[in-house]
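What follows is one structure encoded as C-alpha coordinates, with my remarks underneath.
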Amino acid sequence: MEDVHDNVMSVPSGSVWVEDSLNENRIFSGRLTYDKGAAIVHTFRYIMNDDVAFFNALQKIQEDFKDGTALGVDIRDYFQAEVGVSFYDAFNEWYFGEGYPTYSATWNTSGNDLLLNIKHTTSSTTPAFTNPIDVKFSRSGMADTTIRFDIIGVNDVFTIPNMGNTTNIIEFDPENWIINKTGTIAYDPNATAGLPNNNEAYYEVFPNPTSENFTINTSSMGVNYLVLLDSRGKIIESTNFEKNIDLDLSKEKSGHYIIQITNENGDKRIKTILKN
(Lines give C-alpha, C1' and ligand atoms only; values in the text may rest on other atoms or scores of the structure.)
Protein backbone atom coordinates (compact mmCIF):
# COMPACT_ATOMS: atom_id res chain seq x y z
CA MET A 1 0.00 0.00 0.00
CA GLU A 2 2.95 2.32 0.58
CA ASP A 3 3.75 2.51 -3.15
CA VAL A 4 0.09 3.26 -3.92
CA HIS A 5 0.07 6.07 -1.35
CA ASP A 6 3.32 7.48 -2.73
CA ASN A 7 1.87 7.61 -6.24
CA VAL A 8 -1.29 9.37 -5.04
CA MET A 9 0.84 11.95 -3.17
CA SER A 10 3.14 12.57 -6.16
CA VAL A 11 0.74 15.43 -6.98
CA PRO A 12 -0.82 17.41 -4.11
CA SER A 13 -4.35 17.65 -5.54
CA GLY A 14 -6.93 15.58 -7.37
CA SER A 15 -10.26 13.91 -6.57
CA VAL A 16 -11.48 10.35 -7.08
CA TRP A 17 -14.80 11.80 -8.21
CA VAL A 18 -14.76 12.66 -11.93
CA GLU A 19 -16.42 16.00 -12.51
CA ASP A 20 -15.95 15.91 -16.30
CA SER A 21 -17.52 12.62 -17.37
CA LEU A 22 -16.37 13.13 -20.99
CA ASN A 23 -12.67 13.36 -20.13
CA GLU A 24 -11.35 9.85 -20.84
CA ASN A 25 -7.87 10.59 -19.51
CA ARG A 26 -9.35 11.67 -16.20
CA ILE A 27 -11.85 8.80 -16.03
CA PHE A 28 -9.03 6.24 -16.39
CA SER A 29 -6.42 8.11 -14.34
CA GLY A 30 -4.09 5.55 -12.75
CA ARG A 31 -3.22 7.91 -9.89
CA LEU A 32 -6.73 9.07 -8.96
CA THR A 33 -9.33 6.59 -10.21
CA TYR A 34 -7.36 3.43 -9.53
CA ASP A 35 -4.72 4.13 -6.87
CA LYS A 36 -6.54 6.76 -4.82
CA GLY A 37 -9.83 4.91 -5.31
CA ALA A 38 -8.30 1.70 -3.96
CA ALA A 39 -6.52 3.54 -1.17
CA ILE A 40 -9.66 5.21 0.17
CA VAL A 41 -11.58 1.92 0.17
CA HIS A 42 -8.68 0.64 2.30
CA THR A 43 -9.19 3.70 4.55
CA PHE A 44 -12.92 3.05 4.82
CA ARG A 45 -12.14 -0.50 5.97
CA TYR A 46 -10.04 1.05 8.74
CA ILE A 47 -12.81 3.48 9.70
CA MET A 48 -15.36 0.64 9.85
CA ASN A 49 -12.99 -1.29 12.17
CA ASP A 50 -14.96 -4.46 11.46
CA ASP A 51 -13.68 -6.77 8.72
CA VAL A 52 -16.79 -8.95 8.74
CA ALA A 53 -19.01 -5.92 8.12
CA PHE A 54 -16.60 -4.55 5.49
CA PHE A 55 -16.59 -7.72 3.39
CA ASN A 56 -20.34 -8.20 3.88
CA ALA A 57 -20.85 -4.72 2.43
CA LEU A 58 -18.62 -5.50 -0.55
CA GLN A 59 -20.49 -8.74 -1.22
CA LYS A 60 -23.86 -6.96 -1.10
CA ILE A 61 -22.58 -4.29 -3.50
CA GLN A 62 -21.44 -6.98 -5.96
CA GLU A 63 -24.79 -8.78 -5.72
CA ASP A 64 -27.04 -5.72 -5.91
CA PHE A 65 -25.15 -3.97 -8.73
CA LYS A 66 -24.45 -7.05 -10.82
CA ASP A 67 -24.54 -6.04 -14.52
CA GLY A 68 -25.10 -2.43 -13.41
CA THR A 69 -23.25 0.63 -12.21
CA ALA A 70 -22.71 1.72 -8.61
CA LEU A 71 -22.01 5.37 -7.85
CA GLY A 72 -19.59 6.47 -5.17
CA VAL A 73 -22.47 7.54 -2.96
CA ASP A 74 -23.93 4.03 -3.29
CA ILE A 75 -20.72 2.58 -1.85
CA ARG A 76 -20.89 5.10 1.00
CA ASP A 77 -24.49 4.16 1.80
CA TYR A 78 -23.76 0.41 1.83
CA PHE A 79 -20.80 0.88 4.16
CA GLN A 80 -22.68 2.98 6.67
CA ALA A 81 -25.77 0.75 6.54
CA GLU A 82 -23.60 -2.25 7.44
CA VAL A 83 -22.05 -0.74 10.58
CA GLY A 84 -24.39 2.13 11.50
CA VAL A 85 -21.53 4.65 11.31
CA SER A 86 -21.81 7.80 9.20
CA PHE A 87 -19.45 7.91 6.22
CA TYR A 88 -20.65 11.31 4.98
CA ASP A 89 -17.60 13.25 6.20
CA ALA A 90 -15.18 10.56 5.05
CA PHE A 91 -16.64 10.51 1.54
CA ASN A 92 -16.85 14.29 1.33
CA GLU A 93 -13.18 14.59 2.29
CA TRP A 94 -11.64 11.58 0.52
CA TYR A 95 -13.89 10.78 -2.45
CA PHE A 96 -15.14 14.23 -3.47
CA GLY A 97 -12.34 16.20 -1.80
CA GLU A 98 -8.75 16.71 -2.88
CA GLY A 99 -5.33 16.25 -1.35
CA TYR A 100 -4.12 14.51 1.80
CA PRO A 101 -3.10 15.41 5.38
CA THR A 102 0.37 15.92 6.84
CA TYR A 103 0.32 15.12 10.57
CA SER A 104 2.51 16.71 13.23
CA ALA A 105 2.56 16.20 16.99
CA THR A 106 3.92 17.65 20.21
CA TRP A 107 3.78 15.71 23.43
CA ASN A 108 4.60 15.88 27.12
CA THR A 109 3.99 13.76 30.21
CA SER A 110 2.44 14.53 33.57
CA GLY A 111 3.24 11.66 35.91
CA ASN A 112 2.05 8.56 34.05
CA ASP A 113 -0.33 10.58 31.85
CA LEU A 114 0.47 11.53 28.27
CA LEU A 115 -0.43 14.98 26.93
CA LEU A 116 -0.67 14.99 23.13
CA ASN A 117 -1.40 17.66 20.52
CA ILE A 118 -2.04 16.40 16.96
CA LYS A 119 -2.20 18.95 14.16
CA HIS A 120 -2.50 18.49 10.43
CA THR A 121 -2.21 20.57 7.30
CA THR A 122 -3.68 19.63 3.94
CA SER A 123 -2.08 19.59 0.51
CA SER A 124 -5.00 20.98 -1.48
CA THR A 125 -8.46 22.53 -1.17
CA THR A 126 -9.98 20.14 1.39
CA PRO A 127 -9.50 22.10 4.65
CA ALA A 128 -9.42 19.13 7.06
CA PHE A 129 -9.48 15.32 7.16
CA THR A 130 -11.50 14.01 10.09
CA ASN A 131 -10.76 10.29 9.85
CA PRO A 132 -9.22 8.62 12.92
CA ILE A 133 -5.46 8.11 12.95
CA ASP A 134 -3.25 5.54 14.70
CA VAL A 135 -0.16 6.73 16.59
CA LYS A 136 2.57 4.36 17.80
CA PHE A 137 4.42 5.17 21.04
CA SER A 138 7.52 3.77 22.72
CA ARG A 139 7.58 3.39 26.51
CA SER A 140 10.34 2.65 28.98
CA GLY A 141 9.99 -0.74 30.64
CA MET A 142 6.80 -1.49 28.71
CA ALA A 143 5.92 -2.69 25.22
CA ASP A 144 5.36 -0.22 22.40
CA THR A 145 1.69 0.58 21.99
CA THR A 146 -0.54 1.94 19.22
CA ILE A 147 -3.59 4.11 19.99
CA ARG A 148 -6.33 5.25 17.64
CA PHE A 149 -7.29 8.92 17.97
CA ASP A 150 -10.51 10.48 16.71
CA ILE A 151 -9.68 13.62 14.74
CA ILE A 152 -12.30 16.38 14.60
CA GLY A 153 -10.26 19.19 13.06
CA VAL A 154 -6.78 20.44 12.24
CA ASN A 155 -5.78 20.91 15.89
CA ASP A 156 -6.72 18.24 18.46
CA VAL A 157 -5.58 17.85 22.08
CA PHE A 158 -5.68 14.57 24.02
CA THR A 159 -4.85 13.35 27.53
CA ILE A 160 -4.16 9.62 27.87
CA PRO A 161 -4.18 8.54 31.53
CA ASN A 162 -1.92 5.84 32.94
CA MET A 163 0.16 5.65 29.79
CA GLY A 164 3.34 4.73 31.63
CA ASN A 165 6.73 6.25 30.94
CA THR A 166 6.35 7.41 27.33
CA THR A 167 9.71 7.98 25.65
CA ASN A 168 8.74 8.92 22.09
CA ILE A 169 6.19 8.91 19.29
CA ILE A 170 7.49 6.33 16.84
CA GLU A 171 5.19 7.08 13.91
CA PHE A 172 1.77 8.00 12.62
CA ASP A 173 -0.32 5.35 10.86
CA PRO A 174 2.09 2.42 11.27
CA GLU A 175 -0.11 0.06 9.20
CA ASN A 176 -0.51 2.47 6.23
CA TRP A 177 -4.28 2.81 6.40
CA ILE A 178 -4.35 6.50 5.43
CA ILE A 179 -2.87 8.51 2.56
CA ASN A 180 -0.70 10.89 4.57
CA LYS A 181 2.71 12.35 5.29
CA THR A 182 4.43 13.06 8.60
CA GLY A 183 5.57 16.55 9.47
CA THR A 184 7.30 17.18 12.79
CA ILE A 185 7.17 15.16 16.02
CA ALA A 186 8.55 16.94 19.07
CA TYR A 187 8.70 16.59 22.83
CA ASP A 188 7.61 19.86 24.49
CA PRO A 189 8.27 19.98 28.26
CA ASN A 190 6.06 23.08 28.52
CA ALA A 191 3.01 21.52 26.87
CA THR A 192 -0.12 21.27 29.00
CA ALA A 193 -3.54 19.80 28.36
CA GLY A 194 -6.02 22.30 27.00
CA LEU A 195 -8.83 22.86 24.60
CA PRO A 196 -8.19 22.36 20.87
CA ASN A 197 -8.23 25.39 18.64
CA ASN A 198 -10.57 24.17 15.92
CA ASN A 199 -12.21 27.28 14.56
CA GLU A 200 -13.19 25.85 11.20
CA ALA A 201 -16.29 27.02 9.43
CA TYR A 202 -19.25 24.66 9.39
CA TYR A 203 -21.76 24.17 6.58
CA GLU A 204 -25.19 22.80 7.43
CA VAL A 205 -27.48 21.37 4.73
CA PHE A 206 -31.14 20.70 5.63
CA PRO A 207 -33.52 19.02 5.21
CA ASN A 208 -31.56 16.09 3.86
CA PRO A 209 -33.12 14.13 2.17
CA THR A 210 -35.47 16.65 0.55
CA SER A 211 -38.37 16.47 -1.87
CA GLU A 212 -37.95 20.00 -3.22
CA ASN A 213 -36.28 22.91 -1.35
CA PHE A 214 -33.29 22.87 0.97
CA THR A 215 -31.20 25.41 2.88
CA ILE A 216 -27.48 25.86 3.45
CA ASN A 217 -26.28 27.73 6.55
CA THR A 218 -22.65 28.52 7.27
CA SER A 219 -20.45 30.18 9.87
CA SER A 220 -17.91 31.08 7.17
CA MET A 221 -17.18 34.78 6.95
CA GLY A 222 -17.37 36.52 3.58
CA VAL A 223 -18.63 35.35 0.21
CA ASN A 224 -18.95 31.65 -0.64
CA TYR A 225 -19.12 30.34 -4.21
CA LEU A 226 -21.56 27.44 -4.64
CA VAL A 227 -21.90 24.91 -7.46
CA LEU A 228 -24.74 22.36 -7.41
CA LEU A 229 -24.18 19.31 -9.65
CA ASP A 230 -25.95 16.07 -10.36
CA SER A 231 -24.21 12.73 -9.81
CA ARG A 232 -22.85 12.78 -13.38
CA GLY A 233 -21.19 16.18 -12.95
CA LYS A 234 -23.78 18.32 -14.80
CA ILE A 235 -24.03 21.79 -13.27
CA ILE A 236 -27.56 22.49 -12.03
CA GLU A 237 -26.84 25.90 -10.52
CA SER A 238 -23.90 28.13 -9.58
CA THR A 239 -24.13 31.21 -7.40
CA ASN A 240 -22.56 33.23 -4.58
CA PHE A 241 -23.93 33.50 -1.04
CA GLU A 242 -22.85 34.63 2.41
CA LYS A 243 -24.52 33.28 5.55
CA ASN A 244 -27.34 31.18 4.05
CA ILE A 245 -29.07 30.29 0.82
CA ASP A 246 -32.23 28.42 -0.22
CA LEU A 247 -32.09 26.12 -3.25
CA ASP A 248 -34.83 24.33 -5.20
CA LEU A 249 -34.63 20.74 -6.48
CA SER A 250 -38.35 20.35 -7.16
CA LYS A 251 -37.85 20.16 -10.95
CA GLU A 252 -34.90 17.76 -10.77
CA LYS A 253 -34.96 13.96 -10.87
CA SER A 254 -34.68 11.86 -7.73
CA GLY A 255 -31.15 10.93 -6.75
CA HIS A 256 -27.96 12.27 -5.20
CA TYR A 257 -26.67 15.79 -5.85
CA ILE A 258 -23.25 17.23 -5.05
CA ILE A 259 -22.76 20.65 -3.47
CA GLN A 260 -19.36 22.32 -3.89
CA ILE A 261 -18.75 25.34 -1.66
CA THR A 262 -15.53 27.37 -1.96
CA ASN A 263 -14.80 30.20 0.46
CA GLU A 264 -12.71 33.33 -0.11
CA ASN A 265 -9.55 31.50 1.06
CA GLY A 266 -9.97 28.81 -1.60
CA ASP A 267 -10.97 26.10 0.91
CA LYS A 268 -13.48 23.75 -0.70
CA ARG A 269 -16.19 21.82 1.13
CA ILE A 270 -18.18 19.05 -0.55
CA LYS A 271 -21.63 18.06 0.65
CA THR A 272 -24.19 15.67 -0.80
CA ILE A 273 -27.97 15.81 -0.68
CA LEU A 274 -30.57 13.22 -1.63
CA LYS A 275 -33.65 14.27 -3.64
CA ASN A 276 -36.55 11.88 -2.96
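Can you confirm whether Asn168 is over 20 Å from the mean Cα position of the chain (by Cα), surrounded by 13 or more Cβ atoms within 10 Å (Cβ to Cβ) and either assigned by TED's automatic domain parsing to the domain that holds Arg26 or modelled with pLDDT of 85 or more (or both)? Against the criterion (over 20 Å from the mean Cα position of the chain (by Cα), surrounded by 13 or more Cβ atoms within 10 Å (Cβ to Cβ) and either assigned by TED's automatic domain parsing to the domain that holds Arg26 or modelled with pLDDT of 85 or more (or both)), Asn168 qualifies. Set side by side, the residues Asn244, Asn240 differ, and just one is surrounded by fewer than 17 Cβ atoms within 10 Å (Cβ to Cβ), without any contact (Cβ under 8 Å) to a residue 24 or more places away in the chain, more than 23 Å from Arg76 (Cβ to Cβ) and out of contact with any helix residue (DSSP H, G or I) (no Cβ under 8 Å at 6 or more places or on another chain), which is Asn240.
Listed here are the residues, each with its yes/no results for (1) part of a strand (DSSP E or B); (2) closer than 16 Å to Tyr203 by Cβ.
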residue: Ile216; (1), (2): yes, yes
residue: Ser220; (1), (2): no, yes
residue: Leu226; (1), (2): yes, yes
residue: Ile236; (1), (2): yes, no
residue: Ile258; (1), (2): yes, yes
residue: Glu264; (1), (2): no, yes
residue: Ile270; (1), (2): yes, yes
residue: Leu274; (1), (2): yes, no
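When Ile61, Ile40, Ile27 are checked against the criterion of being closer than 24 Å to Arg232 by Cβ, outside the structural domain of Glu175 (by TED's automatic domain parsing), modelled with pLDDT of 95 or more and over 20 Å from the mean Cα position of the chain (by Cα), Ile61 stands alone in meeting it.
Could you tell me whether the stretch 158-165 includes any residue that is polar (S, T, N, Q), part of a loop (DSSP other than H, G, I, E, B), at positive phi and modelled with pLDDT under 95?
Step one: list which residues in the stretch 158-165 are polar (S, T, N, Q), which gives 159, 162, 165.
Okay, now just the ones that are also part of a loop (DSSP other than H, G, I, E, B), so 162, 165.
After this cut, where a residue has to be at positive phi as well, the list is 162.
Those still in the list that are modelled with pLDDT under 95 too: 162.
There is at least one residue in the stretch 158-165 that is polar (S, T, N, Q), part of a loop (DSSP other than H, G, I, E, B), at positive phi and modelled with pLDDT under 95.
A Cβ distance below 7 Å, combined with a sequence gap of six or more or placement on separate chains, defines the contacts here; from the stretch 213-235, residues that are surrounded by 14 or more Cβ atoms within 10 Å (Cβ to Cβ) reach residues that are in a loop (DSSP other than H, G, I, E, B) and of a type in the set (Phe, Trp, Tyr) in the pairs Thr218/Tyr202.
When the stretch 85-121 is examined, which residues are found to be buried (at least 19 other Cβ atoms within 10 Å of the Cβ) and either assigned to a loop (DSSP other than H, G, I, E, B) or free of Cβ contacts under 8 Å to residues at least 24 places away in the same chain (or both)?
We begin by selecting, within the stretch 85-121, every residue buried (at least 19 other Cβ atoms within 10 Å of the Cβ); these are 87, 90-101, 103, 105, 107, 114-120.
Residues satisfying the conditions are Phe87, Gly97, Glu98, Gly99, Tyr100.
Hey, among the residues in the stretch 55-76 that are in a loop (DSSP other than H, G, I, E, B) and among the small types (Gly, Ala, Ser), which one's nearest to His42 (Cα to Cα)? Among those residues, the one meeting the criterion is Ala70.
The values are calculated or read from the model by the stated rules, or taken from the named source; none is laboratory data. Keep in mind that this is a model prediction, so the values were computed, not measured. Positions of Cβ are generated from backbone atoms using ideal geometry, with glycine treated the same way; all protein chains shown enter the neighbour counts.
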